[in-house]
Structure formats: structure tokens, C-alpha cells
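Peer 1: I am attaching a structure below and will ask some questions about it afterwards.
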Amino acid sequence: MQSPIQLRGVTYAYGTGDLARPVLRDVDLTVAPGEVVLLTGPSGSGKTTLLTLIGALRALQQGSATVLGQQLAGATERQRTAIRRRIGFIFQQHNLLGFLTARQNVAMALELDPATTERERLARASEMLAAVGLAEKGESRPDQLSGGQRQRVAVARALAGQPGLILADEPTAALDRQSGGDVVRLLRDLARRRGVPILMVTHDPRILDIADRIIAMEDGRILPANEANSASAA
Amino acid sequence: MSDVIPRSMPEASLLPWAPELSGEPAAAAPPPRRPRPGFGAAMLLPLRLAWRQLRAERARLASAIAGVLFACVLVFMQLGFRSALFDSATALLSAMRADIFLMHPLTTVSFKPEMLPRIRASQAMALPEVQAAVPVYLAQATWRNPEDGTRRPVQLVGFDTESGVMDFPGLAPLIETLKRPDTMAFDLRSRPEFGAVPRLLAERGPFQVQLGNRQMEVVGLIEIGPSFGADGNVVMSDVNFRRVVKERQASQVDLVAIKLKPGADPAMAVERLRAVLPADVRVLSQPDLVAHERDYWETATPIGFIFAFGSLMGLIVGMVIVYQILFSDIASHLREYATLKAIGYSNAFLGRAVLSAALILAVLGFIPGLVISTLLYDVVGKGTFLPLEMDLSRALSVFGMIFTMCALAGLLAMRKLRDANPADMF
Ligand SMILES: Nc1ncnc2c1ncn2[C@@H]1O[C@H](COP(=O)(O)OP(=O)(O)OP(=O)(O)O)[C@@H](O)[C@H]1O
Ligand SMILES: [Mg+2]
């Protein structure tokens, strides 16, 4: 079985020429099918940058990255857009569309699939909302929901499109402990059941237990496994 | 948090995309590429997204519609005035019904004609297809309002009314009466400043009016309409014309009207007349005569430019308003657009959504604009005696302009989409 994420020698710098500031240095990373991986590390260590590269939100500069079978090195904008459709993103903010109901927001992730009908999309959206415990809230707009509920809608949206991979960047940052923990565990459970791997950046020590593996970054490098565990224990 | 989070789900509701866990044979390498969306979905989904977004902010939607409506009414009024003025400018010549006209080549506009020799009428008769040719005399004289005595210049048209060469609407029943000395027919659509002639005529029958230095009798009504050069018109026989305009020599005429024999081809006859007659006359069919007059007003006066400029300003103002609305819509929803890009929506899809919004605004602004303009045409037309009328071709062309205006605004606003960078989402 092919790994959903395979990075080899990924190096990335913001700026060009003399102003270039390396942010990632020679990163190797493999995520196994169905694996839940947490990425931790000090601020500025390059976690978000790494996530945007894997999510095909930025173009790769050096090294190779195979995500869901697609080589991202030299990929065109169109190829990157296509690969993004197969990834479920969960952001720090919920980033729901304010003018759509919860159900329509979830259905937005499905409208990218031309094979579905409107009926199927709404049915699937309702199903996903039920799975995150928001069956009753389908017709609510984001501003009528609590922070935790919004983030759960975002989880439903990320999972609705049958993604091959979930990428999340500090999904609990805007939430209180209790709802943060609930959302992340919900995400983990739903993804597990579907066998979808998760790569999640987090600073939140309370959720480290959901991980199959914890990776620590520092200054653009991934630390060896034993240091990672001691870093996360600290 | 009170919501119950389901910890388990029935197996049946599992979505089948985890072959490595369910034990099904794993699909080889990446999943097959999805088919491209059909045309309907590619157009309708962005349209629906645009509509939902517009609808969410009523105040912004209302001001955008008001902007389009404003542009729409402005353009309709400008175009309406323009065509009404051109129509009325040519009212006199349009009402002159003859097959072919001879005119001096230097005549630029009918109210200041260059004269041509009357002999050209006789020469035209040399062609076998010409049945008759009569001179037409044009002049202005002062008309004294029979009600309040005020004086005002009126357009005089004199020609052999008996000959049947040239007709005006309403002239036929008056031909016998107009043979009498000092009689004339009055244009019932002349401006009201000439007096309520139709009412007076109905009340007391034919009555005397001072025209120039002569007392003339109004014996009937014809229908021409005011034009730029004249607020009112009277038609009379050439004999009576010379009684009013004494200084006029009968040998110098302003136009020659020609009637062809039944079955003759007017275009051919025009060609033949051009060959036969000397170069000091211009030979024109009736539609060409009207077009010549219209051309003068369109090109030799700033009128055409003024209205084109007014319409353009309306469109530009409308475009700026629509652009502003769309631009600020995108700017205030940048995160949402970036999110859509992040989850796999293409730039093209979002561009179509912005264009759809522009087109929705075009339609929503045009419909009330059309209704209001139609009402305004009615009100303003009655107040100014201009022939303002809504017609389908103008409605369609204004819709085309409004559509283009909104599409351009949409294309400009679309550039703002580039600022929605999905990489900034994390
Ligand atoms: N768009 C950008 N342009 C230039 N420099 C950037 C950009 N984004 C991030 N950086 C820089 O790159 C470095 C790594 O940033 P990154 O966001 O990947 O860190 P991070 O590990 O996610 O930090 P945090 O935990 O604070 O979110 C930082 O020094 C940051 O200043
Ligand atoms: Mg970060």
C-alpha cells in the first residue's frame, strides 16, 4: 500500500536571492495509510509551511513530495487544484462561508464532484452533520453556532468529500479546552473509521494522546524520534 | 457542550473509501480522474453561489441594483431623447409622401434650402417612367395666434396640391378646399403656442388667421409634427404660397417632388434621373431624403455626440458602482474565497461566480429600469411633445449595454480574486 505522504529532501525558503530565508531544510517525512500524525514544535519552526506544501497550497521549490500518488514537484496549478480536492483541510479558524447554512457549507465540498446530484450532495451533507452531532443545526448559519459547533461543521466539510488525507493546522487554537478536545477526538474517530490519515499541527499538549506518532520540528528540521518524544513530554 | 457526539456509526452508513481497512482490493495508485463538470453545473453552481452571496447582504444588493437601475434609466432617457429629436427633426420630410425628390446639392438641411431652377421639374418629365413632377416651396412666416395674438414663426409648404404628386397625412379630403384663394391646412401636431387651432376649427369651422402680412383661412388639419427647424407647419397650394411670400420667384424652387408611373422601379428611376439631369440637382428617393436630413442633425450638429456622451457617462457611473460593490464584496470575503480555493475550487470557478454576480445585478437592475423608463417616456413625452416611445430594439440594445457594463465591472473586480491566497489560510 502506497503512503499517502512521502517527502524527500524538501527544502523551502521565503523570498528570493539574497533575501531568501530558509524555513524548511531537507525534510523527509512519510505518513502511513490511516496513520494519525501530530506535528509540534516552537513557533516559526516551519510547521505551517510544511503543511501548505503537502496540501499543494504552495509550489514546491526543492525536493520531492508525493501526496496521494501525485508528485508535487513541478506540478501545474491545475494539478495542484485537483489534488486539493482530495484533501480535507481544517483550519485554525473554521472558515465557513458566512452566507451559507451549515448544510450548504458542507455541500460546497461536494459540488466539486460533477458526478453527484444536488439531492445526493444535500443528503450526504446531512449525514456528515449527523456524524459530527449537528443533525439539528443543518439550517443554521455559522454566526448562529458556537465556536466548537463551527469547527465541527468544518470537520464535516473536510470529511464530506471522501478525502484521502486530512490536514489540520491548530484546529483547537480558537476553542476552549473542552470543545477543542471534543472536536479533535471526533475528527480522529471519524477519520479512523474511514481509514483516512491525519497530519495535524498542534501546540495543545492535551490532545497529544490521539496520535499514532508525534513528530517534532525545530528550525525547519524534523527532530529524530527520541528527541521528538522528549520534546513533546517537556 | 451539550451536543451528543456519536461515538459509533452503523456499518451500513460507512462510506466505502477505505479499502485498506475494509479488506477490499486496493485501487491501483491514484484514484481515476474525475470527469470534468458538465456545462450546466459549471455555469449554474457559480451562479447559485453568487446569488446566495448577494442575497445575504440586502443593503449592498439594494445599492448595487440602484446603481444599475440609475445607469439604465439614464441611458434609456438619453437614447430616447436622441431618437425623438432625430425623428422630430425629420418630421416634415417624413410626412412628404412622393416617390423621388430633387434637391440642390448644397442643401444641407430642409429649413435652409438652396434653390434650384424650376425647369428641372420639366426636364424630369422627359423620362417615360415619370408621371408628374411638381415644384415644392418652403419658407417660414409669422403666424399670429388666433387666441392671444402672439406671433411665432411657422413653416410653410407650398406645392400643387391638386397634382396628386405629393401627399401629407390628412391632405386628401382638403384638396378641393385648398384650391380657394388664401386657404391653408394646419398641422394639428404643431406646438400649443400657435393656439388651439383644432378646437377652434371644430367649434367655428374655417376661420381667419394672420400669416405674414395676409389674412389666411384655416380650412382643415393635416398631421406632420414639430421639428427642430419649425414648431408648427402649414400646407397650402403654390399659388397661395406666393401670395404670402411675395418676394419669392416662382422659377426658383426648394424641392421638386416626383411621382412615378405605376409599376416603375424607384431605384432605377433615381439612376436614370441622375444620368439625365445636370449636376446642379441631387436625386433622392424619399427614404434617402429623410436619411440625408437625419445625417445632418447627427453629424453636423453636436446633438448626436451630446447624447452618446450622456449615455456613456451613465454606463461609466453604473460600471463604477457595480465594480465597487463587487470589489468590496470580494475584499470582505477574501478568507472565504481563499478557503474555496484551498478546498479545490479553481480560479475559473470563482471568476465565473463573480461574473455571475455581475450578470445578476444587470438583470435585477434592468427590469425595474425598463419599467421606470417606460413610465418616464410617457410622462416626459407628453410634457415635451417629443415622440418618446419604448421599443423592443432599444430595450434589447440597452440591455446589451447594461450587460456589457456589468460584465466589464465583473472582469475588473475579478482581479481582486488573486489576493485570495489559499496558502495564507493556515
Ligand atoms: N508568507 C510568508 N512570507 C515570508 N515569510 C514567512 C511567510 N510565512 C511564514 N514565514 C516565515 O517562515 C517561518 C516559518 O513560518 P511557519 O508559519 O511555517 O511557522 P510555524 O511553525 O507554523 O509557526 P507557528 O507555530 O507560530 O504557527 C517563520 O519565520 C515565518 O516568519
Ligand atoms: Mg503555524
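Peer 1: Can you tell me which of B:360-368, A:16-24 comes out highest on packing, and rank the rest after it, using the mean Cβ neighbours within 10 Å?
Peer 2: B:360-368, A:16-24
Peer 1: Next up: Only Cα pairs under 8 Å and at least 6 apart count here; give the relative contact order of the range B:118-232 as a rounded whole percent.
Peer 2: Rounded, it is 27 percent for the range B:118-232.
Peer 1: Which one, B:Leu127, B:Ala89, B:Leu102, projects farthest toward the positive side of the charge dipole computed for the range B:47-139 from Cβ point charges (K/R +1, D/E -1)?
Peer 2: B:Ala89
Peer 1: Here's another thing I want to ask about it. Among B:Trp297, B:Trp143, which comes first, second and so on when ranked by fewest other beta-carbon atoms within 10 Å?
Peer 2: Neighbour counts put them in this order, fewest first: B:Trp297, B:Trp143.
Peer 1: Next question. Inside 10 Å of the C-beta atoms of A:128-137, what's the mean count of C-beta atoms belonging to other chains?
Peer 2: Rounded to a whole number, the mean comes out at 3.
Peer 1: Also: What is the Å³ per residue value for the convex hull set by the Cα atoms of the range B:313-426?
Peer 2: 96
Peer 1: Separate question: Give the average, rounded to an integer, of partner chain Cβ atoms located within 10 angstrom of each Cβ in B:341-353.
Peer 2: Partner-chain Cβ atoms within 10 Å, mean over residues of B:341-353: 5.
Peer 1: What residues qualify as long-range amide H neighbours of B:Ala132, i.e. H under 5 Å apart, gap of 5 or more or another chain, H built at 1.01 Å from N?
Peer 2: B:Lys259
Peer 1: Say each of B:Arg199 and A:Ala59 gets a label point 7 Å from the Cα, pointing the same way as Cα to Cβ; how far apart are those two points in nm?
Peer 2: 8.1
Peer 1: Please report how far the C-alpha centroid of the range B:215-245 lies from that of the range B:165-214, rounded to the nearest whole angstrom.
Peer 2: 7
Peer 1: Rounded to the nearest 20 debye, what is the charge dipole size of the range B:237-334 about its Cα centre when +1 sits on each Lys and Arg Cβ and -1 on each Asp and Glu Cβ?
Peer 2: Its charge dipole is roughly 580 debye.
Peer 1: What does the helix-only formula give at 222 nm for the protein assembly as shown: each DSSP H stretch with n ≥ 4 adding -39500 (n - 2.57), the total divided by the residues, and the result rounded to the nearest 500 deg cm²/dmol?
Peer 2: The per-residue figure over the protein assembly as shown is -14000 deg cm²/dmol.
Peer 1: Count the net charge of all other residues whose Cβ sits under 12 Å from the Cβ of A:Leu100, scoring Lys and Arg as +1 and Asp and Glu as -1.
Peer 2: +2
Peer 1: A follow-up question, please. Please arrange A:Thr117, B:Thr161, B:Thr404 by how many other C-beta atoms lie within 10 Å of their C-beta, fewest to most.
Peer 2: In increasing order of surrounding Cβ atoms, one gets A:Thr117, B:Thr404, B:Thr161.
Peer 1: May I ask for the net charge around B:Phe385, where only other residues with Cβ less than 11 Å from the Cβ of B:Phe385 are counted and Lys, Arg are +1 while Asp, Glu are -1?
Peer 2: +1
Peer 1: Could you tell me which of rounded, prolate or oblate describes the range A:5-65, using a ≥ b ≥ c as the square roots of the eigenvalues of the alpha-carbon gyration tensor, with rounded for a/c under 1.5 and, failing that, prolate when a/b is larger than b/c and oblate otherwise?
Peer 2: In terms of gyration-tensor shape, prolate.
Peer 1: Take every residue in peptide B:332-340, count the Cβ atoms of other chains within 10 Å of its Cβ, and give the average of those counts.
Peer 2: Mean shielding by partner chains, rounded to a whole number: 4.
Peer 1: What order do you get for A:119-132, A:65-78, B:387-400 when each peptide is scored by the mean count of other beta carbon atoms within 10 Å, highest first?
Peer 2: A:119-132, A:65-78, B:387-400
Peer 1: In addition: Using per-residue counts of other Cβ atoms within 10 Å, averaged over each peptide, order B:204-217, A:32-45 from highest down.
Peer 2: By packing density, highest mean first, the sequence is A:32-45, B:204-217.
Peer 1: Can you give the Rg/Rh ratio of the range B:105-280, where Rg is from the C-alpha atoms and Rh is the Kirkwood radius?
Peer 2: Expressed as Rg/Rh, it is 1.00.
Peer 1: About the Cα centre, and with charges only on the beta carbon of Lys, Arg (+1) and Asp, Glu (-1), how big is the dipole of the range A:173-217? Nearest 20 debye, please.
Peer 2: Computed charge dipole of the range A:173-217: roughly 180 debye.
Peer 1: Among B:Asn347, B:Leu289, B:Phe241, which residue has its Cα furthest toward the positive end of the charge dipole of chain B, with +1 on Lys/Arg Cβ and -1 on Asp/Glu Cβ?
Peer 2: Toward the positive end, the furthest listed residue is B:Asn347.
Peer 1: Anything over 30 Å Cα to Cα? Flag those among B:Lys112/B:Lys259; A:Lys47/B:Lys341; B:Lys259/B:Lys382; B:Lys179/B:Lys382; B:Lys261/B:Lys382; B:Lys179/B:Lys246, in the order listed.
Peer 2: Where the Cα-Cα span goes over 30 Å, the pairs concerned are B:Lys259/B:Lys382; B:Lys179/B:Lys382; B:Lys261/B:Lys382.
Peer 1: In what sequence do B:Ile306, B:Ile321 fall when counting other Cβ within 10 Å, fewest first?
Peer 2: Arranged by neighbour count, lowest to highest, B:Ile306, B:Ile321 become B:Ile306, B:Ile321.
Peer 1: Any idea how far the Cα center of the range A:24-64 sits from the one of the range B:139-162, in Å?
Peer 2: One Cα centre to the other: 93 Å.
Peer 1: Any idea what the dipole of the range B:105-280 comes to, in debye rounded to 20, about its Cα centre with Lys/Arg Cβ at +1 and Asp/Glu Cβ at -1?
Peer 2: 340
Peer 1: Cα gyration tensor of chain B, axes a ≥ b ≥ c as square roots of the eigenvalues: rounded (a/c below 1.5), prolate (a/b > b/c) or oblate?
Peer 2: It is prolate, given that a/c is not under 1.5 and a/b is the larger ratio.
Peer 1: Using only the alpha carbons, work out the radius of gyration and Dmax of the protein assembly as shown in angstrom.
Peer 2: Values for the protein assembly as shown (Cα only, Rg and Dmax): 40.7, 125 Å.
Peer 1: To check you understand DSSP bridge types, tell me what percent of the beta bridges within the protein assembly as shown (both residues inside) are antiparallel, rounded to 5.
Peer 2: Bridges in the protein assembly as shown that DSSP calls antiparallel: roughly 65 percent.
Peer 1: What whole-number distance in Å separates the alpha-carbon centres of the range B:367-426 and the range B:310-365?
Peer 2: Using only Cα atoms, the two centres lie 15 Å from each other.
Any read-out appearing in this document is the output of simple, stated calculations on the displayed coordinates, not a laboratory observation. Here the structure is a predicted model, which is why all the values come from computation and not from measurement. FYI the Cβ positions are ideal-geometry reconstructions off the backbone, even for glycines, and counts take in every protein chain you see.
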